[in-house]
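A short worksheet on the structure shown next.
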Amino acid sequence: MLSRSYVEWRVGNRNLMHLPVKRYLALLVTYLKPQWGRTIVMGALLLVNVGLQLLNPQIVRFFIDTIIVKGPSTTLAFYALLLMLVTLVDEGVSVATTYLSESVAWTATNQMRTDLVAHCLTLDMGFHKAHTSGEMLERIDGDVDALSNFFSQFVVFLLSNVILLVGVLIAVYFADWRAGLVLTVFSLTTLLILLRLRRYANPLWVSYRQMMATFFGFLGEHLAATEDMRANGATGYIIQRFYQLLRPLLRSNRHARMATSYSGASTLTIFVLGSALMMGLGAYLWSIGAITLGTVYLFWSYTDLLSQPITQIRNQLQDLQQAEACIQRIEQLFSTQSAIQESEQGVEAPQGPLAVAFENVTFGYNAGEPVLHEITFDIAPGKVLGVLGRTGSGKTTLARLLFRLYDAQEGTICIGESPIKSLALRGLRQRVGMVTQDVQLFNAPVRDNLTFFNRAIDDAQLLQVLDMVGLSSWYQGLPRGLDSMLGADGQGLSAGEAQLLAFARVFLKDPGLVIFDEASSRLDPATERRIEQAVSSILAKRTGIVIAHRLATIQRTDDILILEDGRIREYGPREALATDTHSHFFRLLQVGLEEARA
Amino acid sequence: MKTWQLLWRIMRYRPWLYALEGLMTTAFLFSRLAFGVIVQDFFNLLPAQPHLSFTIWALMVILAIVAILRVGVILGETLTETYCGFMQKMLLQRNILEYILRRPGA
């Protein structure tokens, strides 16, 4: 069973096999360099630790030999005290090392988490659509977490254990060269066997972690939609899906753990056999009078001590197996390029109201399944285009293309005379503002919700903008002013107020083009009036695209574009269409917009 | 619910599996005691006999046999621990999930 999954894994992920050492080192250097001072102290403490461990059996050896030759004496008390002292200091050093290594590891992995989050934020919408938030959580937090051992211990612990191993061998050579030779051959053989065992479990851990990511993705998705799930009576179905996902997870976990256990059991067994070997050799050497009884103990004790570096090296390699899996996945994430590529020398969009032109634009979220077909229209600077159409006709997609959240497969989109692909991405998004139906709020103070965490904007400007969009009375009711917290799901804000807040964001950004997706739900008349005033002042000096649902909003547009199934059904100046009794727009005005959307 | 009550209820979910897991862990720990007793015998016998006897070699053989028997115990322990741990984790996750789905006004 085990080997079959291994083969399957190999075939599926051939390119993910064994990372070269260079890549590990590169990663370590990047994240450990900033804290090299503490890393060096950690290494020094580990060396002290190794020395004390080597000293311990030597003291007992002298103790045994003294007691056999001289019988009880005061020298014995001295040895006993020395042994206690060495043990105590050793423990103290161990605590200090653990503390330091944890601290180094956390600093390194936190930095890595930050880098990964920053990288993921640059990726395109297509990537984020394809990966659930739960999966991203597991990949950014879970994988990096599993790496903390790698940073805290791998190099330093592996190194110190190798030194301990060599130290033990040298000490045994000094006691008797034959014993030293046997122990050297034994240690090298054991290490070779263990290194072979290592390769066995690694791919199984990779697939296990991948499955965990899927599982968390499922949980995250369903927990986010709890209300809908319950409303539709899907609870039973979710629990059933939960069980279905767990079954392969258990199988994968069992494979990985058993493979690890095989190598663990082998290590322990090989080590006991080594002990038996050294005891037999010691007994023989003692019987021919080559060594003392204390030295027989020394051999046994050192062989026993060897289990520590050997198991530690095995553990480190095991961590490395998991770390390798994580590193591969983290590197994969880091190397994922955004589908939206910025041009080398990005042009800045001009100041003031922006012209917009679509020329034969065809786009589909999946290539070959277009949701927009050959869209052509243009808006002169300062003019307003009203976009009408049923749900799913492509209105929102149109807006997304303007932001370059996606690139169109065919045709060109120009903003301010330049194709958007030639514009600097940051500049483009700075010059285009958007107010959507569901305003995304952060679980953060009002200030940060307005400025998007940009601290350069001063409070006076914020208050002025809040007043402009008619939120000043709302603001006066806040318990802690701009420091009042807002909930991520819009706690403390009505739908209308959330939209007004989004207008405030647009005012702060001061773009040359505004896309306004009007709320389709009914708002109270007072809020509606405030929104209309805000829209008027925003569109006064800017180009606008309004996805309209209300007659009042349509009245302020210059041109009308009616979309149907991703194609232009009608396009022209509003006044001309409104008076043309044969136009679709004319009919819409007669039956009312509500029916048009249904 | 007190912590011990919670633990008791988790144990009762799959009592035989849990007992088996405990048995396996104990067997593993006892194998270490067995090694200690053998090594003690070795160091007691060695100074008592000036020449190497059959007993010393027999002790080495017993040590090796115990080590090999232990492999079975370790593998069995891993298997029961995997199932035991997984079952318990799954039970808790399932119950929490169900609780969240049923919670009013979540």
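Coordinate-derived values only; no laboratory data. What you are looking at is a predicted structure, and each value in this text was computed from that prediction instead of being measured. Ideal geometry is used to build each Cβ from the backbone, glycine not excepted, and the neighbour counts take in all protein chains shown.
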Exercise. Once label points are set 7 Å from the Cα along Cα→Cβ at both residue A:181 and residue A:290, what is their separation, rounded to one decimal in nm?
Worked result: 0.8
Problem set entry | Per-pair calculated FRET efficiency, R0 = 25 Å: residue A:463 and residue A:540 via Cβ, rounded to 0.05 | 0.75
Seminar exercise, completed: Helix A:2-12: inclination vs chain A longest Cα principal axis, degrees, rounded to 10, gives 40
Exercise. Regarding the protein assembly as shown, what are the three Cα extents along the principal axes, ordered largest first, in Å?
Worked result: 122, 52, 52
Exercise. Under Stokes-Einstein, with the Kirkwood radius over Cα pairs standing in for Rh, what whole-number D in µm²/s applies to segment A:443-555 at 20 °C and 1.002 mPa s?
Worked result: 147
Exercise. Taking amide hydrogens as modeled 1.01 Å from N in the peptide plane, which residues meet the under 5 Å criterion relative to residue A:545, leaving out close sequence neighbours?
Worked result: A:385, A:514, A:515, A:516
Exercise. What FRET efficiency would be calculated for the residue pair residue A:83, residue B:4, taking the C-beta separation as r and a Förster radius of 45 Å, to the nearest 0.05?
Worked result: 0.65
Exercise. Which of the lysines could be linked to residue A:129 by a straight reach, that is with a Cα gap under 26 Å, when you skip same-chain ones fewer than 8 residues away?
Worked result: A:395, A:421
Seminar exercise, completed: Length gained, residue A:443-residue A:243, 0.36 nm per residue minus C-alpha separation, equals 68.7 nm
Seminar exercise, completed: Quick shape check on segment B:3-102: root eigenvalues a ≥ b ≥ c of the Cα gyration tensor, a/c under 1.5 is rounded, otherwise prolate if a/b tops b/c, else oblate, and it reads prolate
Exercise. Along each of its three principal axes, how wide is the spread of alpha-carbon positions in segment A:160-262, in whole angstrom units, largest first?
Worked result: 79, 22, 15
Problem set entry | Exercise: per-residue mean of other protein chain Cβ atoms within 10 Å, A:265-276 | 5
For this session: Using label points projected 7 Å from each Cα along Cα→Cβ, tell me how many nm separate residue A:110 and residue A:335, to one decimal.
Result: 3.0
Exercise. Taking neighbour counts of Cβ atoms within 10 Å as a proxy for exposure, in what order, fewest first, do B:16, A:177 appear?
Worked result: B:16, A:177
Seminar exercise, completed: By Cβ neighbour count within 10 Å, fewest first, B:33, A:482 rank B:33, A:482
For this session: Measure nothing but the geometry: give the 0 to 90° angle between the long axis through the Cα atoms of A:459-468 and the longest principal axis through the Cα atoms of chain A, rounded to 10°.
Result: 40
Problem set entry | R0 of 60 Å, Cβ-Cβ distance residue A:173-residue B:81: FRET efficiency to nearest 0.05 | 0.90
Seminar exercise, completed: To the nearest 20 debye, segment A:234-366 has a Cα-centred charge dipole, built from +1 on Lys and Arg Cβ and -1 on Asp and Glu Cβ, of 1000
Seminar exercise, completed: Within the set B:60, B:24, B:11, GNM on chain B using Cα springs under 10 Å gives the largest fluctuation to B:60
For this session: Pop a pseudo-label 7 angstrom from the Cα along the beta-carbon direction at both residue A:455 and residue B:58 and give the gap in nm to one decimal.
Result: 7.9
Problem set entry | Rounded tilt (10° steps) of A:36-70 against the dominant C-alpha axis of chain A | 20
